[in-house]
Amino acid sequence: MADGSAAVNRAFLDYIVVAKTRESDVITSLILAPVSGVVPDYRPGQHLVFRLDIDGARVLRHYSVSGNPSEPGTLRISVKREPAPRNRPDLPAGLGSGHMHDHVQAGDTLVAAGPIGQFILDETSRRPVLLFSGGVGLTPMMSMLHRLVLSSDRRVYFVHACENGNAHAFSDEVAALARQRQGVTVHFAYREPTGHDRIGRNFHSAGLVGRDVLQALLPLDDYDVYLCGPPAFMQANWRLLRGLGVAAGRIHYEFFGPATVLETGEGEPDNPVAGAATQEPGQLMASPASTAGRTQRTGLPLAPAESLPSVVRAVAAAPAAGMQVSFGSTGITVPWDDSCSSLLDLAEQAGLSPDFNCRAGLCNTCMSTLVSGQVEYFEPPLDPPPEGKVLLCCSRPAGSLVIELAA
């Protein structure tokens, strides 16, 4: 995306849903045409930010562009229906994904900003590429694969792990792209193939993607790796790739789940078998250096108080009624809205456009000055901010606040 497009892509635009396609038992695609007639410039891997009005509440949800970046006139997004978290069945299923699956139809109008984000294909590199995904993590990989097949001659390895053929989206599309030119290798791994899968041989390996699979598939080389999927998949495969000698700086990643530090130690994991693509627990996160984060916040724990500066200690008490949040020199003061997930959401709802990237407490892009007041962190920051600073994307007020947004 050209530099001049970055600011434009932060504006919310109207899109008409021109088609809705069921890709698998859990993933549905929407084809979107901008009402303006002009598709914003974007890079493979970026995402749209949707502003949805659901049951009288405004929510923001982020979905990757999954189609061909060169397709004129339209964008494709693909949405996985999110169940309630496995470890918290008392929590509701995904509000945004359920709305997209059950209520949005062809002919409807959706409002979205973007595409934006830093989980993007490096098109200046000449290295071979490994696109390695689990579950709905394949959606940004689809945009990357289209660009690599149609606009480059780089060697490409597309490795995707999912539960079985019922959950697998885009298998035919990926196979068709791989047939368009030499140098594209595809590997599908099903954790628990069905009988139909085994009869049709719709996959290349059963069980978890492990060291043996990657070693057999990948020649010894210096790869650009793009990694995206749920937490168990990400954590295991980050460590597996590092154990195979892939430099950390070559691994670009985006993942679904709590803000887990991927690299808990150098070298191989205790069990050198990579994690399978498990169900996402209802939220979408991103890496600190190279990704665009997306989040559905449900029942997240507070940060340990001892890990944060005293002025922004997480507090367990419920937010006080009548709280006001002032955004410093902007002159805007608004009451806290409990429907907002974070201070970042509140600022955007107030018409402001703070800088952000991960929306997950990982990258510190949204760091702002806390002039007065205290906040609580519902997602522990990966790198706690200095005294007097606050991360908007993963905090809520613990009382009235004055915040000075970064210039």
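The numbers here are math on the coordinates, done by the rules we state, and not lab data. Note that the structure is predicted; figures quoted are calculated from it, not measured. Ideal geometry is used to build each Cβ from the backbone, glycine not excepted, and the neighbour counts take in all protein chains shown.
Three semi-axes describe the equivalent ellipsoid of region 25-74; taken as square roots of 5 times the Cα gyration tensor eigenvalues and ordered largest first, they are 22, 15, 11 Å.
Are there trypsin sites (Lys or Arg not before Pro) in region 191-254 that DSSP marks as loop and that have at most 14 other Cβ atoms within 10 Å, and which are they? Sites meeting the loop and neighbour criteria: ARG201.
Assuming 0.36 nm per residue, please report the length gained on full extension of the stretch ASP355 to ARG51 beyond their Cα-Cα distance.
Fully extending the segment from ASP355 to ARG51 adds 107.7 nm.
Close amide H partners of GLY210, meaning residues 5 or more places away or on another chain with modelled amide H under 5 Å apart, are ALA274. If you take the square roots of the eigenvalues of the alpha-carbon gyration tensor of region 28-159 and sort them as a ≥ b ≥ c, do you get rounded (a/c under 1.5), prolate (a/b over b/c) or oblate? Because a/c hits 1.5 or more and a/b fails to exceed b/c, region 28-159 counts as oblate.
With only the Cα atoms considered, region 154-209 has a convex hull volume of 73 Å³ per residue.
Across region 103-234, C-alpha contacts under 8 Å between residues 6 or more apart give a mean separation that, scaled by the residue count, equals a relative contact order of 30 percent. With both labels modelled 7 Å from their Cα along Cα-to-Cβ, the LEU217 to LYS20 distance reads 3.3 nm. Give the shape of region 89-220 as rounded, prolate or oblate, defined through the alpha-carbon gyration tensor: a ≥ b ≥ c are the square roots of its eigenvalues, a/c under 1.5 means rounded, and otherwise the shape is prolate if a/b is larger than b/c and oblate if not. It is oblate, given that a/c is not under 1.5 and a/b is not larger than b/c.
Quick one: which residues, 5+ away or cross-chain, put their amide H under 5 Å from the amide H of THR185? H built at 1.01 Å from N. HN-HN under 5 Å from THR185: VAL156, TYR157, PHE158.
Beta carbons within 10 angstrom, averaged per residue: use that to sort the peptides 136-149, 100-113, highest first.
On the way: 136-149: 26.2, 100-113: 15.1.
So the order, starting with the most tightly packed, is 136-149, 100-113.
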